[in-house]
1. Being more than 8 Å from ligand 2 (Cβ to nearest atom) and surrounded by 14 or more Cβ atoms within 10 Å (Cβ to Cβ) is the filter here; which residues of the stretch 203-216 pass it?
2. For the stretch 57-79, how many residues meet the condition of being at pLDDT 90 or above and buried (at least 20 other Cβ atoms within 10 Å of the Cβ)?
3. From the list Tyr200, Tyr185, exactly one residue is away from ligand 2 (no atom under 16 Å from the Cβ) and of a type outside the set (Asp, Glu). Which is it?
4. Identify, please: which residue in the stretch 206-218 is away from ligand 1 (no atom under 13 Å from the Cβ) and either in a strand (DSSP E or B) or outside the structural domain of Pro173 (by TED's automatic domain parsing) (or both) and is, among those, farthest from Asn68 (Cα to Cα)?
5. Only one residue in Ser107, Ser51 is modelled with pLDDT of 90 or more, of a type in the set (Gly, Ala, Ser) and surrounded by fewer than 16 Cβ atoms within 10 Å (Cβ to Cβ). Which one?
6. Any chance you could count how many residues in the stretch 147-205 are modelled with pLDDT under 90, outside any strand (DSSP E or B) and more than 23 Å from the chain's Cα centre (by Cα)?
7. Starting from the stretch 166-189, take each residue that is within 7 Å of ligand 1 (Cβ to nearest atom) and list its partners that are among the acidic types (Asp, Glu), counting only C-beta distances under 7 angstrom and pairs at least six apart or across chains.
8. Residues of the stretch 3-14 being of a type outside the set (Asp, Glu) and more than 19 Å from Val122 (Cα to Cα), which ones?
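The values are calculated or read from the model by the stated rules, or taken from the named source; none is laboratory data. Since this is a predicted model, take the numbers as computed values, not measurements. Cβ coordinates were reconstructed from backbone atoms using ideal geometry, including for glycine residues, and neighbour counts include every protein chain displayed.
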Amino acid sequence: MPTKLITDHHIPHAIIEIVEASKKELDLVSPFWNWKHLARQVASAAKRKVSIRVYLRLEQTNEDFYNNLIVDLLDIGAKVYEVPGLHAKICRNESLAIVGSMNLLASSATASYEAATIVDEVQVLGDIKKYISHLTDIGQQSKRSFLGKIVEKLENALPEQPGFCMRCNIEIPFNPLMPLCGEHYQSWLKYKNRNYKEKYCHDCGKSAITSFNKPVCIDCYKVSRPTGFENQTT
Ligand SMILES: [Zn+2]
Ligand SMILES: [Zn+2]
């Protein structure tokens, strides 16, 4: 197939096809994301052991949305890179790429006029891959899954350890993913703001500015508490 121009509503189909056809590698590059229409296909690529990398630009205005998106992506095993100033839009697997004007947004798929080219020429595919490596170098990899792994291990391997509710300081089980007591978790759920400022460190219980995203104070963060699995490999 030669390089081909596609437009408007054909583009989302082409992107989905590239995701579905991926066997080894899948790179998704887009400054803005709303990937509901892609989530299922990307998750099933992850199940097929396709190595998935996602490049996005963090929007201050929509931090919660992006935090949740990143957590979802990390959960399925994707690598996520935050690239400041990113404006390129690329979707590639090991044998096909699409480069164009579209964000990976549902609205781009329906409401705007878009154009893109589909490429399968080996040399251009190589150039695209090289460009994405460059984004990997300048981007910052999101490591938030690390916290999830720790918690998983804590829950599986260890008896309950004490921690503190970030809002009222009562003693609760230590769990960086659930740093509030039942009552305050219920009120947090109304807004689900992962950056909402809380008053106490979940680990040591001392006064500190904390949040769902950063549940422990600087001191506790530096000296992570003994968890009993330091010597296990992740
Ligand atoms: Zn509380
Ligand atoms: Zn602390």
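1. Answer for the stretch 203-216, where residues must be more than 8 Å from ligand 2 (Cβ to nearest atom) and surrounded by 14 or more Cβ atoms within 10 Å (Cβ to Cβ): Thr210, Ser211, Phe212, Asn213, Lys214, Pro215.
2. 1
3. Tyr185
4. Going through the qualifying residues, I end up with Ser207.
5. One residue alone meets the criteria, Ser51.
6. 7
7. Close Cβ pairs satisfying both conditions: Arg167/Glu198.
8. Answer for the stretch 3-14, where residues must be of a type outside the set (Asp, Glu) and more than 19 Å from Val122 (Cα to Cα): Ile6, Thr7, His9, His10, Ile11, Pro12, His13.
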